[in-house]
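The values are calculated or read from the model by the stated rules, or taken from the named source; none is laboratory data. Not measured: the values here are computed from a predicted model. Don't worry about glycine lacking a Cβ; one is built from the backbone with ideal geometry, like all the others, and counts go over all protein chains shown. What goes into the accessible areas is simple: the full protein's heavy atoms, side chains included, and nothing from ligands, DNA or RNA. Shrake-Rupley method; radii C 1.70, N 1.55, O 1.52, S 1.80 Å.
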Amino acid sequence: MSDYQYLILGGGMTADAAAHGIRELDPDGTIGLIGSETDPPYNRPPLSKGLWKGDAVESIWRKTGETGVDLMLGRTATAIDPDRHQVTDDLGEVHGYGKLLIATGASPRRLPFGDSSVIYYRTVADFRRLHAIAARHGSVVVIGGGFIGSEIAAALTLNGVTVTMLFPEDAIGARLYPADLAQSVTAYYRDKGVDVRPGEEVVQIEQHERHAVVTTKSGARIIADVVVAGVGVQPNVALATAAGIAAEDGILIDDHLMTARHDVYAAGDVARFMVPELGRRMRVEHEDNALTMGRAAGRAMAGDKAVYHHLPFFYSDLFDLGYEAVGETDPRLETVADWITPFREGVVYYLHEGRVRGVLLWGIFGQVDAARALIAEAGPFTAGTLHDRIKATP
Ligand code: NAD
């Protein structure tokens with residue numbers, strides 16, 4: 001049995017940030033990390049962005065080794081015993097801990113068509129597989145019109161791949177952007193050569209030796225070299241719930257990032273935390289959340305008593321379009337768009353009862369703090385008072 005002062009479950013960006021956070025306060029405490037992937041922690045955003053624009057794979061690795069952490073990769077934690085302060089892994093090894101961090105992230109939702117026929121795009125191993133296929137300038141069916149679908153369709157098209165996009169909504173990004181912006185993005189993708197087919201449901205995927213055939217509910221049959229899916233993720237909470245740790249679409253944590261069990265913390269995609277500005281708990285699946293919460297969890301485990309209070313931002317690159325955003329960007333809220341150039345540069349505010357709940361900074365960068373400050377303000381706000389409230393890049 002091994003024993004660590006700090007044990008981290010998960011090998012993603014949150015886990016890496018936590019190891020560095022621990023080291024900010026405790027230079028010597030022993031740290032163990034159990035991660036299912038065989039690759040060490042890496043930056044995930046380049047998998048659907050920079051690596052398709054010529055960045056080298058070597059540039060993605062995080063410097064986890066510098067923290068002196070004992071990396072146990074290709075291994076999966078299978079049980080937590082919070083009373084004994086022990087974790088068991090899939091080799092049957094038992095690891096004792098002083099403080100434990102659950103940073104197990106999220107797993108892609110699967111479609112009911114057999115895993116071998118679809119790349120559920122999430123890991124660097126998925127990137128390697130898809131990149132090798134893309135190098136042959138073949139064809140890809142992309143299922144999903146959310147973050148993965150929109151970014152990977154753009155990345156593949158820029159790399160000379162013929163892309164067909166299928167998703168159930170009316171337009172790309174329809175769960176994020178107001179309807180007119182989503183339609184404009186969809187038209188933009190078509191101009192770039194993407195065959196965008198909104199309102200399509202996949203009913204069958206047949207995998208042949210060298211190609212796949214995708215059949216949709218409307219009867220279309222699309223032949224492609226490979227199928228890539230980004231149909232959402234589910235937080236990996238099973239380890240926690242089996243140990244009696246409460247989860248509701250995410251492990252519930254307090255404002256010191258601790259779960260209901262003493263000495264057990266959670267952070268990143270898997271954690272549901274309180275956002276005082278919004279008056280509710282959130283679970284967030286983006287880089288800033290992983291890095292900021294991971295670091296804070298490491299510091300909290302090492303004795304930092306600071307209250308965690310951070311409204312994370314996110315961003316995306318879609319061909320030459322791009323944005324930063326913060327808060328609740330749900331188009332079912334009232335939306336107010338303040339365009340400088342329609343659908344190219346401007347701000348979309350998401351309101352509920354006169355308060356700003358979220359801000360989408362379209363083609364505008366470096367204004368996330370201004371957006372956070374606005375979300376913290378009581379208001380009430382209207383289209384009139386929001387006009388010119390956040391201006392172009394300072
Ligand atoms: P998502 O929630 O962004 O999009 C899911 C999409 O799945 C929906 O838009 C819908 O079009 C589609 N869908 C759902 N059910 C379907 C079905 N049965 N058939 C066809 N399509 C269906 O999730 P994602 O794109 O899979 O992204 C996964 C995770 O990665 C998310 O957590 C996301 O936040 C994260 N991510 C973030 C970024 C970023 O911050 N820029 C980039 C890539 C990925």
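Things worth noting here:
- Mean Cα-pair separation over length for the chain, i.e. relative contact order, pairs under 8 Å, 6 or more apart, %: 16 percent
- Solvent-accessible surface of the chain, averaged per residue with a 1.4 angstrom probe and all protein chains in place: 42 square angstrom.
- Bridge orientation summary for region 71-221: considering DSSP beta bridges with both residues in this region, about 60 percent are antiparallel.
- Partner lysines whose Cα lies under 23 Å from the Cα of Lys192, excluding those fewer than 8 positions away in the same chain, are identified as Lys49, Lys53.
- Gaussian network model of the chain, springs between alpha carbon atoms under 10 Å - residue of Asp263, Asp320, Asp249 with greatest fluctuation: Asp320
- Average Cα contact separation per residue, region 176-312, under 8 Å, 6 or more apart, as relative contact order %: 13 percent
- Carbon + sulfur, % of accessible area of the chain - ligands and nucleic acids excluded, 1.4 Å: 49 percent
- Inter-site label distance for Ser2 and Glu345 at 7 Å from Cα along Cβ, in nm: 5.2 nm
- Antiparallel bridge percentage (DSSP; both residues within the chain; nearest 5): 60 percent
- About the centre of its Cα atoms, the chain shows a dipole size close to 520 debye [charges on the beta carbon of Lys, Arg (+1) and Asp, Glu (-1) only; nearest 20 debye].
- Take each peptide in 328-335, 31-38, count the other Cβ atoms within 10 Å of every residue, and average; sorted highest first, the result is 31-38, 328-335.
- For the chain, fraction of C-alpha pairs farther apart than 39 Å, in %: 21 percent
- Relative to one another, the C-alpha centroids of region 110-179 and region 1-69 are positioned 26 Å apart.
- For the peptides 116-125, 284-293, the ranking by mean Cβ contacts within 10 Å, running from highest to lowest, is 284-293, 116-125.
- In this structure, Ala246 and Glu377 have a Cβ-Cβ separation that, at R0 = 41 Å, corresponds to a calculated FRET efficiency of about 0.80.
- Most fluctuating residue given options Asp269, Asp26, Asp191, as computed from a GNM of the chain linking Cα atoms under 10 Å: Asp191
- Between the residues Pro46, Val228, Thr241, the greatest Cα displacement towards the positive end of the dipole of the chain, with unit charges on the Cβ of Lys, Arg, Asp and Glu, is found for Val228.
- Helix runs (DSSP H) in the chain reaching 20 Å along axis by Cα, Kyte-Doolittle at least -1.0: 287-301
- Scattering profile of region 1-129 at q = 0.12, 0.13, 0.18, 0.19 Å⁻¹ [log10 I(q)/I(0), Debye over alpha-carbon scatterers]: -0.51, -0.59, -1.00, -1.07
- R0 of 56 Å, Cβ-Cβ distance Val213-Asp255: FRET efficiency to nearest 0.05: 0.65
- In region 181-260, GluC sites (Glu not before Pro) in a DSSP loop with at most 12 other beta-carbon atoms within 10 Å: Glu201, Glu209, Glu248
- Restriction of the trypsin sites (Lys or Arg not before Pro) in region 1-104 to DSSP coil positions whose beta-carbon has at most 11 other beta-carbons within 10 angstrom yields Lys53, Lys63, Arg84.
- Computed on the Cα trace of region 245-362, the radius of gyration divided by the Kirkwood hydrodynamic radius gives Rg/Rh = 1.05.
- Distance (nanometres) between label positions extended 7 Å along Cα→Cβ at Met282 and Arg197: 3.6 nm
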